[in-house]
Each structure stands twice: as structure tokens, then as C-alpha cells.
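Read through the structure below, which is laid out as C-alpha cells, and then see the notes.
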Amino acid sequence: MPEVRNDIGIAVGSGSDIAAETAGIVLVNSNPKDVVSLILFGKATYRKMIQNLIGATGFNVVALPLAAGVLYKQGVLLSPCNGCRFNDGEYNCSSHQCKSVMCEE
């Protein structure tokens with residue numbers, strides 16, 4: 001007989017206290033259809049995590065060497081303030097430290 005392995009336990013809220021304590025997830029509404037929502041939510045969270053990881057890696061590969069002055073002799077220099085402003089493809093610098101210290105605004 002093949003080995004049965006589970007990654008997470010799901011208990012129904014109206015079930016026993018022992019099942020609720022040992023389960024990783026407890027369905028409060030006692031609706032089994034909520035399991036599908038949990039799986040979809042988990043997949044969407046994982047996709048967003050991968051997108052953020054790729055975006056941060058891309059930013060660090062491009063912007064940090066420019067801010068360090070790798071292409072300074074060619075006339076390309078990215079100041080830390082502009083690096084902060086263009087982080088994640090958005091033109092906003094919500095960091096007070098970036099505004100006051102790096103940009104001296």
C-alpha cells in the first residue's frame with residue numbers, strides 16, 4: 001500500500017476541539033467549499049511572492065551598480081534619491097529618510 005502523506009490539516013469549526021487544535025487550518029463557517037478558496041488564495045500569494053522576488057532582483061541588478069558608479073565614465077550615474085524614487089517602477093518615494101537625508105529636500 002502506498003504511503004499517504006499530507007502537507008496540511010484542515011478541521012471544521014463545529015468539529016472536536018482536538019481536531020481544531022491539531023489542524024493547520026480551521027474552517028469557521030463549516031463550508032467545505034472554502035478549501036477551494038484557500039487553495040486559490042495560496043496560489044495567488046505564491047505568484048505575488050515570486051513577482052516581488054523577480055522585481056527586487058531586477059532592480060538590484062540594474063540600479064545598485066548604476067548608483068555605485070559602474071558607468072560613471074560613460075556619463076551614467078543614478079543617485080540614491082532617484083533610485084529610491086524609481087523603485088518598483090513607480091515614481092514615489094514614501095521613505096522620509098530618503099527624502100530628507102539622500103535628497104536633502
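Values quoted throughout were computed directly from the atomic coordinates according to the rules given, and no laboratory measurement underlies them. These numbers were taken from a predicted model, which means no experiment stands behind them. All Cβ positions, glycine included, derive from the backbone under ideal geometry; neighbour counts span all protein chains shown.
Data overview
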{"read-out": "Protection proxy ranking of 35-44, 19-28 - average other beta-carbon atoms within 10 Å, highest first", "value": "19-28, 35-44"}
{"read-out": "Efficiency of FRET from Cβ geometry, residue 59 and residue 38, R₀ 41 Å, rounded to 0.05", "value": "0.85"}
{"read-out": "Likely footprinting exposure, 17, 34, 7, fewest C-beta neighbours within 10 Å first", "value": "7, 17, 34"}
{"read-out": "Inter-label distance for residue 10 and residue 52, nm, one decimal - labels placed 7 Å from Cα along Cα-to-Cβ", "value": "2.5 nm"}
